[in-house]
Amino acid sequence: MSGKNVPVLDRASTDTAGLTKQVNAEHRPDENAKKSVRLGVIGYGYWGPNIVRNFHGLDNCQLVAVCDKNPAALKRAQKVYPGLRLTTDFADILTSPDIDAVAVVTPVWTHFELAKAALQNGKHVFVEKPFTSTPQQAEELIELAEQKNLKIMVDHTFLFSGPVRKIRQVIDAGTLGPLYYFDSTRVNLGLFQHDVSVVWDLAPHDLSIMDYVINEKPEAVVATGAGHLNGLADMAFITVYFPGNIIAHINVNWLSPVKVRTTLIGGKDKMLMWNDLEPDEKIKIYDKGVDIASGQGVYDLLVSYRSGDVWAPKCEQTEALKVELDYFIDCIVNDKTPMNDGAAGLRIVRLLDAAEQSLKDRGKVVTL
Ligand SMILES: NC(=O)c1ccc[n+]([C@@H]2O[C@H](COP(=O)([O-])OP(=O)(O)OC[C@H]3O[C@@H](n4cnc5c(N)ncnc54)[C@H](O)[C@@H]3O)[C@@H](O)[C@H]2O)c1
């Protein structure tokens, strides 16, 4: 990785420490909300501009600087935000005393090193998905953040989208009854990544949604898949086993002629379909199910199919990333542990790691 050696600043010498102490002592939300968290963003490629745009638009934070090692990326940033401090060297962001928190929006293999240096320099970190390349790296960052009393948030964007929040509410309210399955399809043509497989690129979305809505500890993972172009898997079928006979299946594919973003969640009492490409009515709940009144043997099974009403609950339309970044600032200012903290990031990295192992072994069961 480029960049000069990043000296580790004493956290007490940064303003972040002062800010956090003051907030902890006071716990007055209205006053706290006025305090501004000062941010630096590293990475202004494909996703970085969305992070920068949203931080820039939030009232309770101050976007101080953007870093990208590619000067062409910085030129793009300069056009949109003429007054912003720009740098090609991430060390400028990590050592800057006027920055309290850093967003790491660079390729996966750089997350660990950049997030570690940020934490060592007393900065809270917002790290893109997937959190790290290995579970060990995630564990190290979590420990470091705990030692330094700093926040880690991992960008599991969908957890802040209207449909996913609604699905969680519906499940928590018991509307679906005991869960049977979660079945998610995320396929389209490209965007091919040169450094990670489709598992590490797309599946973090589905796995983090699954983790949030099923809210159980998974037991085992089985994955199959294939790579047809550059040696990295471009399609994968991941199965996750949970206690209580709940099963999850995730289909991610960069070689699909059409874009599909559909999730089916089946419960004993009701079933749900989320089609994220629908402009309205993204979620539909079906009063459908199967009941079996059993006799003695298999031939005595009395199967009855239930097919009742279908309804579409209203979902919030606010941009998920805006809600998430607002929450990041709130967690820093009011000293809260984010729901998508380092531990949540680690859970997903463990699943990705298990899926990759299983895929390499053509579907071997990997116990978690
Ligand atoms: N949450 C989401 O929905 C979502 C969507 C897309 C991408 N992502 C994630 O965002 C991250 C970035 O993905 P991308 O598609 O924007 O990648 P990208 O390659 O388009 O952009 C990454 C940028 O980081 C810069 N960079 C790399 N190393 C650097 C360093 N050491 N110092 C400074 N700049 C550096 C590159 O020059 C590039 O401009 C990945 O982790 C990806 O998984 C998340």
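Bear in mind these aren't lab numbers, they're just calculated from the coordinates by the rules spelled out. Values in this document were obtained by computation on a predicted structure and should not be read as measured data. Glycine also receives a Cβ, built like all others from the backbone with ideal geometry; neighbour counts cover every protein chain displayed.
Data overview
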| quantity | calculated |
| --- | --- |
| Two-site label geometry, LEU264 and ASP280: point separation in nm, points 7 Å out along Cα→Cβ | 2.7 |
| Gaussian network model of the chain, Cα within-10 Å springs - most flexible of GLY190, GLY342, GLY45 | GLY190 |
| Reduced Cα scattering model of segment 135-255, Debye log10 I(q)/I(0), q = 0.23 Å⁻¹ | -1.29 |
| Taking VAL66, VAL221, VAL323 and counting other C-beta atoms within 10 Å, the order from fewest to most | VAL323, VAL221, VAL66 |
| Kirkwood Rh and Cα Rg combined as Rg over Rh, evaluated for segment 266-368 | 1.14 |
| At R0 = 30 Å, FRET efficiency that the Cβ-Cβ distance of ALA312 and LEU368 yields, to 0.05 | 0.30 |
| Which of MET339, SER36, TYR212, positive extreme of dipole for the chain (C-beta unit charges) | SER36 |
| Distance in nm between pseudo-label sites at GLN357 and ILE247 (7 Å out along the Cβ direction from Cα) | 2.2 |
| 3J(HN,Hα) from dihedral phi, segment 356-364, Karplus parametrisation 6.51/-1.76/1.60, rounded to Hz, x for glycine, proline | 5, 4, 5, 4, 5, 9, 6, x, 4 |
| Karplus 3J(HN,Hα) series, Hz, for segment 281-286 with 6.51 cos²θ - 1.76 cosθ + 1.60 (x for Gly, Pro) | 6, 5, 10, 10, 10, 10 |
| Per-residue ³J(HN,Hα) for segment 45-53, Karplus 6.51 cos²θ - 1.76 cosθ + 1.60, θ = phi - 60°, Hz, x for Gly and Pro | x, 7, 8, x, x, 6, 5, 5, 4 |
| Calculated Rg and Dmax of segment 120-192 using C-alpha coordinates, Å | 17.1, 48 |
| Exposure proxy ranking, count of Cβ atoms within 10 Å, fewest first, for TRP274, TRP47 | TRP47, TRP274 |
| Sorted by Cβ density within 10 Å, fewest first, the residues THR263, THR132 | THR263, THR132 |
| Amide H contacts under 5 Å for MET153, placed H, 5+ residues apart | VAL125, PHE126, VAL127 |
| Where labels lie 7 Å past Cα in the beta-carbon direction, separation of THR337 and GLN169 in nm | 2.6 |
| Cα centroid separation - segment 38-97 against segment 107-124, whole Å | 16 |
| Highest-MSF residue in the chain out of LEU74, LEU39, LEU141 [GNM, Cα springs under 10 Å] | LEU74 |
| Between segment 328-368 and segment 170-232, the Cα center-to-center distance that results, in Å | 12 |
| For ASP269, distant residues with modelled amide H under 5 Å away | GLY177 |
| Helix-only [θ]222 nm of the chain, DSSP H runs n ≥ 4, -39500 (n - 2.57) each, per residue, nearest 500 | -10500 deg cm²/dmol |
| Reach of LYS288 by Cα under 20 Å, taken over aspartates and glutamates that are not fewer than 8 positions away in the same chain | ASP172, ASP183, ASP269, ASP309 |
| Listed residues ASP201, ASP280, ASP335, most fluctuating in the chain (Gaussian network, C-alpha, under 10 Å) | ASP280 |
| Under 5 Å, built H, 5+ apart or other chain: amide partners of GLY227 | ASP234 |
| Positive-end residue of GLY244, LEU325, MET153, charge dipole of the chain with Cβ unit charges | LEU325 |
| Residue-count net charge about ALA233 - beta-carbon cut-off 11 Å; Lys, Arg +1, Asp, Glu -1 | -2 |
| Partner lysines for LYS123 [C-alpha distance under 29 Å; skip if fewer than 8 residues away on the same chain] | LYS4, LYS21, LYS34, LYS35, LYS69, LYS75, LYS79, LYS148, LYS151, LYS322, LYS336 |
| Quotient of Cα Rg and 2.2 N^0.38 Å for the chain, N being how many residues it contains | 1.07 |
| Nearest-ten-degree value, helix 162-172 long axis tilted from longest Cα axis of the chain | 50 |
